[in-house]
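Heads up: the structure comes next, in structure tokens.
Just so it is clear, none of the values below were taken in a lab; they were calculated from the coordinates. This structure is a prediction, so every number in the text was calculated from the model and none was measured. Positions of Cβ are backbone-derived with ideal geometry, glycine not excepted, and every protein chain shown enters the neighbour counts.
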């Protein structure tokens, strides 16, 4: 029996167990939408194509599924670019099916025609352009096969005439062998000589198998470990070997000890500039080993002494010996106690740290947490303690507007789970049109808007580096959030005092209702510590000066 090209696309997606497609219709994909009308796949209509990619991204990251986006040619596809770049830099699995004008109109400046390949090639995992409708089944199957060994966005470009009902072929699914990575039998030659080792665990390790494997390995050898911001929720926060997360706003203990380590074992992390600060001054006393499945991530910014493209489990199955100095653990314990002081509590006004700690206490860490980008993102990472795979944020690209649509995607993937979004008034306004999507599909999300009436992270940098010249960092034209949210028949409440917030949250946090809590926080509160630009890992601005203690620290005894 022969079926149309559009039916072939839908059946191929069904074969891959696709449940949802997130998209926005347009002329170049109407044949596909017509086939979708009769299928079992549920289409979720977004209000902006960028939101579709973020929703698919959140859907993918919070589950083991692939997020699928369907968009039209021209402006529909170009609206997806920010979401595609976000997916690439955070290594999430999304498939974008985009329309294109008829084959005979390509390269003629036709209506809604754009050079999709030329635009997207640098920020995509793979790009396929269909040149014959007989290739449809193979290319869709091959795309899903690629996700098995390399994460990132894949784009399939469909000229409209090749999706027409006039093109018919037999639906015969191809068999594609999965690629297997060869096991590298080289041993880590630096292990036996290391006395101050530390593990750095990145976002690529956030799978349940690797999660358990790493913890077992670390507990056996009693090695301290740190994480990147993307590795949050991929480790055990309560482990006595956990030092915190590293980077620009990372934990002081983790940053200092990374600087003085003599061996860094980096697992599934790019070691980008937000981790390393100055590349030349990064961990000057250490040898570096990098384990990753992605060639593009290894020795990219920091030159590694050894690097292996392999599955992590192939290394942790072996037992390695370390000769840890007792003095190393003494220094670790000292710094953990030394940096316990964080911030001053305020029992009247709302401080963002208190808001997040109260939320963690009342939610017991059971919620999926997603954030936008800015100060609230850093506060959340520092003061909320996450369970496995519960923290989803834009780390690589730092996309403002990511949080709200990604939380919608998380809800579609985890229907019975509670979703909590921490956002800021600047980020929320970038994607607030998706309130309409929430209303249409009855999506209940808990949103906490930490409203400091400014672009907080920009303002903080202007205070530190630009002598308090607040150039365009204050938002003087904020909407009335209560009226805005109420116009969609959702609940919204404003808070100015911490006690009222606590008692209100205690009563409503487990209710299955869309809530938007607009909390006016102290706009003078900044994220600390913060590394000093172009300095080493152990040089940062904290709640107090560290310089007078420098001479007391000797890591080489």
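Relative to the current alpha-carbon distance between residue 535 and residue 3, full extension at 0.36 nm per residue lengthens the span by 185.3 nm.
Compared with the dominant Cα axis of the chain, that is its longest principal axis, helix 326-338 is turned about 80°.
Over segment 352-520, the hull volume per residue, using the convex hull of the C-alpha atoms, is 117 Å³. Modelled spin-label separation between residue 280 and residue 109, with each label point placed 7 Å from Cα along the Cα-to-Cβ direction: 4.9 nm. The angle between the Cα long axis of helix 81-90 and the main principal axis of the chain comes to about 50°, on a 0 to 90 degree scale.
Helix 136-146 axis versus longest C-alpha principal axis of the chain: approximately 10°, rounded to the nearest ten.
Every helix of 4 or more DSSP H residues in the chain counts as -39500 (n - 2.57), and over all residues that averages to -9000 deg cm²/dmol at 222 nm. With 10 Å bins beginning at zero, the pair-distance distribution over Cα atoms of segment 2-170 amounts to 11, 44, 37, 7, 0 %. As a length-normalised measure over Cα pairs under 8 Å and 6 or more apart, the relative contact order of segment 40-130 settles at 28 percent. Rg/Rh, computed from the Cα trace of the chain with Rh as the Kirkwood radius, has the value 0.99. Available extension along the chain between residue 17 and residue 478 is 161.7 nm, counting 0.36 nm per residue and deducting the alpha carbon span.
Normalised by the number of residues in the chain, the mean separation of alpha-carbon contacts (under 8 Å, six or more apart) gives a relative contact order of 14 percent. Per-residue Cβ neighbour counts within 10 Å put 306, 13, 45 in the sequence 45, 306, 13, beginning with the fewest.
If you take every DSSP beta bridge whose two residues both sit in the chain, what share of them, in percent to the nearest 5, is antiparallel? Each step should come with its number before you reach the end.
Values: 7 of 69 bridges.
Antiparallel bridges: around 10 percent, rounded to the nearest 5.
For segment 198-287, the spread of Cα coordinates along the three principal axes comes to 34, 23, 21 Å, biggest extent given first. Length gained on full extension, residue 330 to residue 168: 51.2 nm, using 0.36 nm per residue less the C-alpha separation. Short-range pairs are left out: with C-alpha atoms under 8 Å and at least six residues apart, the relative contact order of segment 352-520 is 22 percent.
Based on the Cβ-Cβ distance of residue 385 and residue 414, what FRET efficiency does E = 1/(1 + (r/R0)^6) give at R0 = 22 Å, to the nearest 0.05? Could you put the intermediate results ahead of the total?
Values: r = 19 Å, r/R0 = 0.89.
The value I calculate is 0.65.
Among 48, 290, 376, the ranking by other beta carbons within 10 Å of each residue's beta carbon, starting with the fewest, stands as 48, 290, 376.
Determine, from the Cβ-Cβ distance of residue 444 and residue 64 and an R0 of 30 Å, the FRET efficiency 1/(1 + (r/R0)^6), rounded to the nearest 0.05. Don't jump to the answer; show the numbers that get you there.
Details: r = 23 Å, r/R0 = 0.78.
Plugging the Cβ-Cβ distance into 1/(1 + (r/R0)^6) gives 0.80.
Spatially, segment 24-38 and segment 448-468 are offset by 44 Å when compared through their Cα centroids. With one equal scatterer per alpha carbon and no solvent term, the Debye-computed log10 I(q)/I(0) for segment 5-98 at 0.15, 0.26 1/Å reads -0.51, -1.41.
Put the Cα centre of segment 360-439 next to the Cα centre of segment 80-103 and the gap is 21 Å.
Using 1/(1 + (r/R0)^6) with R0 = 45 angstrom and r between the beta carbons of residue 523 and residue 38, what's the FRET efficiency to the nearest 0.05? Numbers along the way, then the final one.
Details: r = 53 Å, r/R0 = 1.18.
Result of the calculation: an efficiency of 0.25.
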